[in-house]
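Just below is one structure, and these are the notes that go with it.
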Amino acid sequence: MSEPLPPLFVAALEAVSTPTLVHAGANVLYANASMQRLLGFDLAALQAMRFDAWATEPARAALFAYGQRCLSEVGELPAAEAEAVTASGAVRYLELNARQVRLDERALAVMTCQDLSDARHVQSSLLDVGRVLHQIIENSPVATFVLNAEHRVTQWNAACTKLTGIEMVDLLMGDREPWQAFYKWPRPLLADLIIDGTVSESAQTAEGERCQPSPLIPGAYETERFFPQMGERGRWLYLTAAPLTDAQGRVIGAIETLQDVTARRQAEEEVRRHRQELEDLVAERTAELLGMHHELEAFLENASVGIITTSRQRITRANKKFAEMFEFGEESPLAHESVELFTDKASYAALGAVAYPVLSRGESLLHEMEMCTLRGNRIWVQMIAYVADRQNPESGTWWLLQDRTEVRRVQAELQQNFERMKETNARLEEAQNQLLQSEKMASIGQLAAGVAHEINNPIGFVGSNLGTLRRYVESMFKLLDNYEQVDRSQLPQGLRQAIEGQRAELDMEFLKEDLPQLLDESDEGLTRVKKIVQDLKDFSRVDQSDWQDADLNAGLDSTLNVVMNEVKYKAEIVKRYQPLPTVRCRAAQLNQVFMNLIVNAAHAITGRGVITLSTRQEGDWVCVSVQDTGSGMSEATQRRIFEPFFTTKPVGRGTGLGLSLSFSIVKKHGGRIEVDSRPGEGSCFSVWIPVAGPGDAGEGGVLTASP
C-alpha cells in the first residue's frame, strides 16, 4: 500500500480545474475531480489501476515510458498525446504534460491532461468539407479551374482537361501555364484580371471583346471570346469568373468556368445566312411576278391557292381554287363585292386599316384572319396582297388566299396541350417548393434540437457550481458568525483595528443580505434557460419524426415560446386551453403549422394587439385556433391565401409558402383549416385534426373559409 499524499498537496490538486493525476511509477496515487469526470472512473477505481491502464492498448507503452521518464528527469517534459478509454467505452484524445515533484525525498510524477477530442472533430469536419468541395468542382460537367492569389492553379477539373487537352499535373509541376491552354503568348485570363482588380479597366480593350458584370454574382464578370488556337478551327467559349474571398472580404483567388458555345455561334451564323437568302429570294420572286403580269391568266386557273384581284371594293378576277374555297358553286365571283367574304363589316374595316398603309407604300401584305364563305361557313385564311402597279395603287390589288382552317385547328390543339403542360409544370414546381420549405423547416428543427442539447451541458455544470457556491457561502457566513462572538477586546490593538476597518469596508450585513439574493436570481435565470431549452427540444422533436401520440396543448406552448421574441412586442397572448386527448400525429410538423399561424397573426397586427390561442375537443376531433386583432382579409385575398407564392407581405419579408405548406401538412393529417376573417376586424384560423390520425390514406378534409 503506497504512503498517502499530504492533505495540503491533495487540496492543491483539487483546487486545479485541469484534469490531473499523480503516480510514482506504478498505480495512480491520486486523481482530482476533473480527471475523474474526464475518464468516468471514481478515485478508488483509478487508484486500483496502473497509471497507464486507462489508455488504449496501442498507447499504453508510450504512456508508461513517458511516465517513467518524468520520474527520472527534472523539469516539465515536452507535451505528449494519448488516446484514453473512458469508463463508458468512449475514446478521447488527450494532450499530456508531466513534471517531477519531490515530497520528503520522494519522486512523484504530476500529469495534467487537456481534452483535444472536440478540436479533432472540427479538424475532421473541415477536411470532409474540403473533400466535398473538391469533388463538386472535379466532377462538374462544366470546365472549371481555380487560381489562388499568386495566380497559380489550385483546381483544374476533368472537364477542363478534356476541353483544353492540358492535364492538372502539368500545371501543378510548373511545366505549363494556364494561359497556354488559350493563347500563343502570355496574356492574363479573366480570373487573373479579377484577382488583380483590373477587370473593369480591361473590359473594353482586351482584343475587342466586351466583358460585363454577371447579374447573379457580385464581383463576377462574363464574356464570350473566340480562341483560334483551340481545336482545328478554333472555338467560341463563354467565360464566367468570380472572386473568392476570405472572411474579411479580401480576394484570395478566383474561379472561372468555360462553356464551348461554338455550335451555337455557328448555328446563329447559318440562320443569318439563310434569312438573307430567303429575303433575296422573295425580292427576286416579287420582281418576276411583276414582270410576268401578262402571263398571269394562264397561271391563275391552275394555282393551288385562291387568287383574286379587287378594285373599288369589287372582285374583278378570280381563279377556280378561290371559287371552291369560298363555296361559290356555279355562281361567278365577279358579281360580288369583296365585303361579302367577311364575317361582318367590322372585320372588313379592320383588314382595310391594316392593309391600306402597307399597300399604299407599294409593299406586300402578309396577314391572317377569319373570313366567311358564300354559304355562311367560317374559314381561317392566310393572305398575301400587293398592288398590281406600284406607281398607281388605284389600278387594283392582287390577293393570294390559302385555307388554313385545319392548320389553325391543329395549332389550337397544340396551344391547349402547351397550356396543360404549363399547368402540370406549375403543380410540379409547387410540390418541389413545398418539399424544399419542409426540408428547411426540418433543418431548423434539427438545429434547434442540436443547440438545446449543446446548451444543456454548460447549464448542468453552472447549476452544480451554483449549488456548491451556495453551500460554501453558507459555511463561510456561519464561520463569520462564530468569529463575531469572539471578544475582540482581547486581541492586539493593531489587529483589532484592522479587523474593524475591513469589516466596515466590506459591509458584512449587506453582503449577508444581498449574496443569497444574487444566488436565488441566478438559480431562477438557470431555470428559465432550462425551460427555453426544453421548449426548443419539444418544438423540434427531431427524435420523434414518425407518427406518435402527442399533446397538442404542450406542442402549442413550446411553439409559442420558440417564436415569443417575434410576438411579444406586437401582441398580448391570451390562452384558452381545454383538456385534450393525445392525438395521433407528426408533432414536429404540426408545430410548424402552429408557428406559421402565430407568426402570421403577429405580422397582421399594426401597433399592438391581442392573439388568442384556443383548444377544444368535439367528438373525435380536436381544434386549435389562432385568432388575432389584426387588419383582416378581404374575400378575394381569402380565396388565394393557400396558393403557393401568394403573399400580402412586403417584398423580402414573406415567401408565400407558409400557409401553402401548412395546408399540405394538415391535409396529410386527415384534417382541415377553417378561416374566418373580416377587413379591419382580424382573422381566426382553426386547425381541425382527427384524434385517431388520418388512417391508411394519409389524406383528410378540405379547406373551408368563412367570409
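Spin-label model, GLN313/ALA87: points 7 Å from Cα along the beta carbon direction are separated by 11.1 nm. Pairwise Cα distances in the stretch 25-117 exceed 24 Å in 13 percent of cases.
Applying the Karplus relation 6.51 cos²θ - 1.76 cosθ + 1.60 with θ = phi - 60° to the stretch 349-361 yields 3J(HN,Hα) values of 5, 5, 5, x, 5, 7, 7, 4, x, 6, 5, 5, 8 Hz, where x marks Gly and Pro. Placing a label point 7 Å from the Cα of THR286 along the Cα-to-Cβ direction, the residues of the stretch 338-366 with a backbone N closer than 20 Å are 352-366. Taking all protein chains together and rolling a 1.4 Å probe, ILE499 ends up with roughly 60 Å² accessible.
Site pair HIS367 and TYR569 shows an inter-label distance of 6.5 nm when each label is modelled 7 Å from Cα along Cα→Cβ.
Taking R0 as 51 Å, what FRET efficiency do you get between VAL169 and PHE64 from their Cβ-Cβ distance, rounded to the nearest 0.05? Efficiency, rounded to the nearest 0.05: 0.65. In this rough spin-label picture, where each label sits 7 Å from Cα along the Cβ direction, the THR245-ALA15 distance is 5.1 nm. In loop segments of the stretch 63-159 as defined by DSSP, the trypsin sites (Lys or Arg not before Pro) with at most 14 further C-beta atoms inside 10 Å of their C-beta are ARG152.
Scanning residues 5 or more positions from GLY609 or on other chains, those with amide H under 5 Å from its amide H are ALA571, GLU572, with H placed 1.01 Å from N in the peptide plane. Per-residue accessible area (protein heavy atoms, 1.4 Å probe) orders TRP185, TRP547 as TRP185, TRP547, starting from the largest. Classified by the C-alpha gyration tensor, the stretch 591-644 has an oblate form. Its axis ratio a/c, with a ≥ b ≥ c, is 1.5 or above, and a/b does not exceed b/c.
Ranking LYS422, LYS184, LYS345 from most to least accessible surface, computed with a 1.4 Å probe over the protein chains only, gives LYS345, LYS184, LYS422.
On full extension, the segment bounded by LYS162 and GLU73 gains 25.9 nm, given 0.36 nm per residue less the C-alpha separation. Can you give me the C-alpha center-to-center distance between the stretch 572-631 and the stretch 64-93, rounded to a whole angstrom? Each part reduced to its Cα centre gives a spacing of 58 Å. With a cut-off of 13 Å on the backbone N, the residues of the stretch 574-603 near the modelled label site 7 Å out from ARG616 along Cα-Cβ are 576-579. Can you pull out the trypsin sites (Lys or Arg not before Pro) in the stretch 247-289 whose DSSP state is coil and whose Cβ has at most 12 other Cβ atoms within 10 Å? Hits after loop and neighbour filter: ARG250. For PHE322, PHE642, the ranking by accessible surface with the largest value first comes to PHE642, PHE322, using a 1.4 Å probe.
The relative contact order of the stretch 101-202, computed from alpha carbon pairs under 8 Å that lie at least 6 residues apart in sequence, is 14 percent.
Computed from the Cβ-Cβ distance with R0 of 56 Å, the FRET efficiency linking ALA48 to ILE136 stands at 0.60. Per-residue surface analysis assigns THR245 an accessible area of about 80 Å², computed on protein heavy atoms at 1.4 Å probe radius. Accessible surface of ARG408, taken over heavy atoms with a 1.4 Å probe and every protein chain present, rounds to 100 Å².
The values are calculated or read from the model by the stated rules, or taken from the named source; none is laboratory data. Keep in mind the model is a prediction, meaning the values are calculated, not measured. So basically every Cβ, Gly included, is an ideal-geometry build from the backbone, and we count neighbours across all protein chains shown. When the accessible area is computed, the model is the full protein with side chains, heavy atoms only, and any ligands, DNA or RNA have been set aside. Shrake-Rupley method; radii C 1.70, N 1.55, O 1.52, S 1.80 Å.
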